[in-house]
Every structure is written in structure tokens, then in C-alpha cells.
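Novice: This is the structure I want to talk about, given as C-alpha cells.
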Amino acid sequence: MMKKRQVVVESSTTSSSMVRYVRYRECQKNHATNIGGYAVDGCREFMASGEQGTTSALTCAACGYHRNFHRREVETEEMDNFGFVNRDMAINVLSRLPTKLLLGLKCVCKGWHQLLCDCDFTKVQSQKREYISGFFFQQRFQWCPYDIRTIAYIPAEFIVFNQTVFSFLPEDVVVLASCNGLVCCRSCVPCNDPAIYVCNPVNREWIKLNWSGPDRDSHIALAFDPCGNAMERPINFKLVQVRHSEATLDNLYFSFEIYSSYTGVWRMSKEICKCNDKLYKNKGIFIGGVLHWLTDGDKILTFNIDNELTWLIAVPLSSIHFEGITGSCIGESDGQLYYVIVSEKGLHVWLLQDPFESKWTLKHSKTLEGMEAEHPSFLYNLRERVTHRPSLDSDPWMDPLAFKDGYLLMKVCDKIYIYHVETNQMKQACTLSELGGISASSPIVLPYSLSMIPLKQALE
């Protein structure tokens, strides 16, 4: 007997599957056709003469006739919701899996794909915390008015470069911000029709916004809270463009222009923040409804997108207390703001405890000598190189570029490393030349987390 098992997925909203068993029963070959009668040879079940996949597998070993002469019998067994009690349970269980694993499950069959792409599923799945997947890295010219078009993606766990992540967009772009799976980009300059894009690289969906008054030095941050949007339709994100304007000769201030996908328009906030410092490393960190930007004056600019209030937070250590050129960045881990600084005193990671009192707690500290001893194949003679200061505008020898979920991406001379502050593990990600870059000055580095949230809902 030959038993053939096939799985058939129905195109229904119940995400049910059918297991189909096909059997070939008695032979129905008529041996009395010449005399106008009907007679069979008595073969009761098809038995293959050879291994499946060979021509002999289609010939019955009992009667010698082709399988098509045998009566075909199909038995079906229904499996509702992929073995779960109901569809809600399937969504509840599968939504707990990491997005990276869910992307693989979408390829199993049409039923899996349909369920995992369902709006109800993506809304529930987006509520859970998604840890960092990797970093986007894009270099910039310091003095040239043109943009470098190459964007490299550096995974946090596995060093496999990808420079085609944004190939689904209609033009080359410059990344500006990343927030909970969504990425904000702008057109490369020069361009004829400048635009801003908000996209999801996972499902390759994007929204295009007109970009009036294009400026390659624009500071645009993205605010998107999947938990706050999880049960709403459509989803809502906001863009905040920070402008540095001059009130008087020696007094500058920051102003904020806000775009909401819910209204589809830009508007100026009435709130301003008096500050003579410039924004540093061109990125905003969104935590708990508040955007944060690091300035070059040892302060962090903040803006609450709900009540539109702004204030300044002092960093725990001022750069004037160090001999060499310090490198610093801000980042997020477990929903809290961190400040990372590298100086001749070592690597220090601070956690913000009170944003209104500028109260910080030191969470991680490592001397330069200690880092050399733990990673001699990567680091050597750090103190001399970090302390050496050839000019005031020189780039730091050891520069932290981005921090997320304990992973620190940092540049040491012309190499890029990923360092985990809790485990002290370090690995070399690449060199600047491997990223296809031309300039090492002020690269744009954005942490990125995967998300399955459908952007097309924002247009409905």
C-alpha cells in the first residue's frame, strides 16, 4: 500500500489548515472491453513497484497497471488554527516570539503568512518589547555639499553586512532617525523633488512626505510608540524637526516643528528652548514620550511630544574636566536613557535617574588599561592615543557612536567594534573602508529594532 500525505491550507480568515491523505484503492482496469462486458483482475490496493520519485513508483506491483487505473480516495482532517484551541490563542502565543523568528514562519505556508500579516496579529505583536537587531551606518562629507549614498546595516549578533536594506525606496536616501522598527529618511542632495520617507524595512512599506526647504543638516527625529498605537487604527507617528535660530547676537534658541501622521500636516510648536549649543551626532532618542538630543555643550535637549514642553539636562561629566578629546553618545536600554563617555579615565556608562534634577547613576566603568587587558587583539596603547589632542576639532581616537540594549557601537581609529557593556564581550564589526565610505567625519549611526507593524494603516 502506498500512502501519500499532503498539507493543504485553506484561504479563509479562520487560519485553519487541512491535512489531506490520498490513497489508491482497487484497480478498475476493464479486461472485458473487447466483448462489451466488464471484468476486473481483483487487485484491491495499489502497491508501488519502486521508490517514490522513480517511474516504477507509478506501476502497481500486484497487477502491473498504472496508478491511474486505481480508484483515488481522499480523506481530509481539519486542523483549526494550526493546532491551537482558537485563533485568539494562536495570536496570543505567536505574538510572543521574536520578530526575526516570525519572519521565517511567514514562509512556511500561506496560512502562516496570512495569520502573521493579519492586522490584529501585528497590532498585538507590536506591543511586546523588541530588542536591538543592528545598526544603520552612513558616512557624511564634512565640507562637501553632497551626500554619501551608501547605507550599511551592521547586525548586533552576526557580522553580515547588508547595503541594500533601503532598495525598495524609489530613490537613494540619507537616514535620519529610527524608532521602534520605523525609519525616517530624506532624499539625497542634490535632488529635483526632495522628500522625507517614513518606512518599515521589514515589510518594505513606506510613506512619502513633501520636504519644503531641504537642508542636508536638518535635525529630524521620529517618535513612534507601538504600545500607545497598538489597538488604534490607523497607527500614528510624529516627526519633530529641530531648528536652531538666533534671537539676538549672542542668544540662540531651539524651536520645534511637528508633523503628525494623524493630521498629515506640519505645525510650529509655541515652545522654544534658549541654548547656544549645537546638536551633536544628529539623532533623537525617543523614550517614554520624550525626545532627547545630545548637544556639544554637555547638555541634553529634551522635548515632550504630548505636552510640548522642553528642558535641558546636564550630563554627569563635563568635557572640560578631561585632558584629551572625549567621545560621547546617548542611548536607550530597558526604556531608560543612558549617557556613554570615553576619556583618558576610561569608558563610563551612566543611567539617568531624574531628568528634572539631572541626577545620574554610574552603571558601568572600565579603565583603558582594563579594556586593553581583556581585548589585547583589538586594543593597545589606548591611554596615549586617547589623551593625545592634535587639535581642538580633531575626532576622538575612541568614539562611542550609538548605544542600545547594552550594545555599544564604537569607532577606534579606522575600525568599528561592537562592545556589550554587561558581558564585556567585544568583536570587530568592520573597517571604515569595508563600509565603502570616503569620509570618517560625523557618521550617522542609528540603532534599529525589527517590527512587523504595517505602515499602510497610517494612510487609511
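The values are calculated or read from the model by the stated rules, or taken from the named source; none is laboratory data. Bear in mind the structure is a predicted one, so any value in this text is a computation, not a measurement. A quick note on method: Cβ atoms are made from the backbone with ideal geometry, for glycine too, and the neighbour counts reach across all protein chains shown. To get the accessible areas, we keep the full protein, side chains included, count just its heavy atoms, and leave off ligands, DNA and RNA. Shrake-Rupley method; radii C 1.70, N 1.55, O 1.52, S 1.80 Å.
Novice: Out of the residues in the stretch 324-349 that are part of a strand (DSSP E or B) and among the polar types (S, T, N, Q), state the one that is most open to solvent (accessible area, probe 1.4 Å).
Specialist: Taking the stretch 324-349 as the starting set, the residues that turn out to be part of a strand (DSSP E or B) are 327-333, 336-343, 346-349.
Next, from what is left, pick out any that are among the polar types (S, T, N, Q): 328, 333, 336, 343.
On the way: S328: 14, S333: 10, Q336: 75, S343: 2 Å².
Looking at the filtered set, the residue picked out is Q336.
Novice: Which pairs turn up if I take residues in the stretch 174-195 that are under 17 Å from F137 (Cα atoms) and in contact (Cβ under 8 Å) with a residue 12 or more places away in the chain and look for partners that are part of a loop (DSSP other than H, G, I, E, B) and of a type in the set (K, R) with beta carbon separation below 7 Å, at least 6 apart in sequence or on another chain?
Specialist: Between residues of the stretch 174-195 that are under 17 Å from F137 (Cα atoms) and in contact (Cβ under 8 Å) with a residue 12 or more places away in the chain and residues that are part of a loop (DSSP other than H, G, I, E, B) and of a type in the set (K, R), the close pairs are A177/K283; C188/R149.
Novice: Quick one: M268 ticks every box in (1) farther than 30 Å from H420 by Cα; (2) surrounded by 15 or more Cβ atoms within 10 Å (Cβ to Cβ); (3) more than 25 Å from the chain's Cα centre (by Cα) bar one, so which box is it?
Specialist: (2)
Novice: Could you identify the single residue in F141, F121, F136 that is over 19 Å from V183 (Cβ atoms), touching a residue at least 12 places away in the same chain (Cβ under 8 Å), open to solvent by less than 80 Å² (accessible area, probe 1.4 Å) and not in a helix (DSSP H, G or I)?
Specialist: On the way: F121 fails: not in a helix (DSSP H, G or I); F136 fails: over 19 Å from V183 (Cβ atoms).
Exactly one of F141, F121, F136 is over 19 Å from V183 (Cβ atoms), touching a residue at least 12 places away in the same chain (Cβ under 8 Å), open to solvent by less than 80 Å² (accessible area, probe 1.4 Å) and not in a helix (DSSP H, G or I), namely F141.
Novice: Another question, then. Looking only at residues that are out of contact with any helix residue (DSSP H, G or I) (no Cβ under 8 Å at 6 or more places or on another chain) and among the basic types (K, R) in the stretch 86-113, which one is modelled with the lowest pLDDT? It would help to see each step written out before you state the result.
Specialist: The initial filter retains those residues of the stretch 86-113 that are out of contact with any helix residue (DSSP H, G or I) (no Cβ under 8 Å at 6 or more places or on another chain), namely 88, 93, 96, 98, 100-101, 103-104, 108-110, 113.
From what is left, the residues that are among the basic types (K, R) are 96, 100, 110.
Values: R96: 81, K100: 81, K110: 73.
Per the stated criteria, the residue is K110.
Novice: Can I ask one more? Got at least one residue in the stretch 88-104 being surrounded by 15 or more Cβ atoms within 10 Å (Cβ to Cβ) and charged (D, E, K, R)?
Specialist: no
Novice: For residues that are under 19 Å from F168 (Cα atoms) and part of a strand (DSSP E or B), tally how many sit in the stretch 190-219.
Specialist: Final tally of qualifying residues: 12.
Novice: If you take the residues of the stretch 169-189 that are assigned to a loop (DSSP other than H, G, I, E, B) and out of contact with any Pro (no Cβ under 8 Å at 6 or more places or on another chain), which of them is surrounded by the most Cβ atoms within 10 Å (Cβ to Cβ)?
Specialist: Top of the filtered list is L169.
For (1) modelled with pLDDT under 90; (2) surrounded by fewer than 15 Cβ atoms within 10 Å (Cβ to Cβ); (3) under 24 Å from A314 (Cα atoms), each residue gets a yes or a no:
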| site | (1), (2), (3) |
| --- | --- |
| L351 | no, no, yes |
| D354 | no, yes, yes |
| S358 | no, no, yes |
| T361 | no, yes, yes |
| E369 | no, yes, no |
| L382 | yes, no, no |
| R385 | yes, no, no |
| H388 | yes, yes, no |
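Novice: Would you confirm whether any residue within the stretch 63-72 is open to solvent by 50 Å² or more (accessible area, probe 1.4 Å) and at pLDDT below 80?
Specialist: No.
Novice: Quick one: in the stretch 284-323, which of the residues that are closer than 19 Å to E257 by Cα and not in a strand (DSSP E or B) is nearest to the chain's Cα centre (by Cα)?
Specialist: G284
Novice: To continue, here is another question. Determine the pairs where a residue that is outside any loop (DSSP other than H, G, I, E, B), located within the stretch 372-389, has a partner that is hydroxyl-bearing (S, T, Y) with Cβ atoms under 8 Å apart, the partner being 6 or more residues away or on another chain.
Specialist: Cβ pairs passing all conditions: E372/Y380; V386/S343.
Novice: Still on this structure: Here is a list: A195, A156, A177. Which entry is of a type in the set (A, V, I, L, M) and closer than 21 Å to S442 by Cβ?
Specialist: Answer to the selection: A177.
Novice: Let me ask another. Out of I148, I235, which single residue is in a loop (DSSP other than H, G, I, E, B), over 14 Å from the mean Cα position of the chain (by Cα) and crowded, with 21+ Cβ neighbours inside 10 Å?
Specialist: I235
Novice: Let me ask you something else. Can you pull out every residue in the stretch 284-298 that is open to solvent by 20 Å² or more (accessible area, probe 1.4 Å) and aromatic (F, W, Y)?
Specialist: Result: F286, single match.
Novice: Then there is this: List pairs: first in the stretch 93-110 and farther than 14 Å from K128 by Cα, second loosely packed, with under 13 Cβ neighbours inside 10 Å and among the aliphatic types (A, V, I, L, M), Cβ under 8 Å, 6+ apart or cross-chain?
Specialist: Every condition considered, the pairs that remain are C109/V7.
Novice: Filter the stretch 190-232 for residues that are under 25 Å from L103 (Cα atoms) and of a type in the set (S, T, N, Q); which is most open to solvent (accessible area, probe 1.4 Å)?
Specialist: That would be N203.
Novice: Looking at (1) open to solvent by less than 40 Å² (accessible area, probe 1.4 Å); (2) over 27 Å from T122 (Cα atoms); (3) not in a strand (DSSP E or B), which is the one condition that is false for K281?
Specialist: The failed condition is (1).
Novice: Name the residue that is most open to solvent (accessible area, probe 1.4 Å), counting only residues in the stretch 238-265 that are under 30 Å from the mean Cα position of the chain (by Cα) and polar (S, T, N, Q).
Specialist: So, considering only residues that are under 30 Å from the mean Cα position of the chain (by Cα) and polar (S, T, N, Q), the one most open to solvent (accessible area, probe 1.4 Å) is T263.
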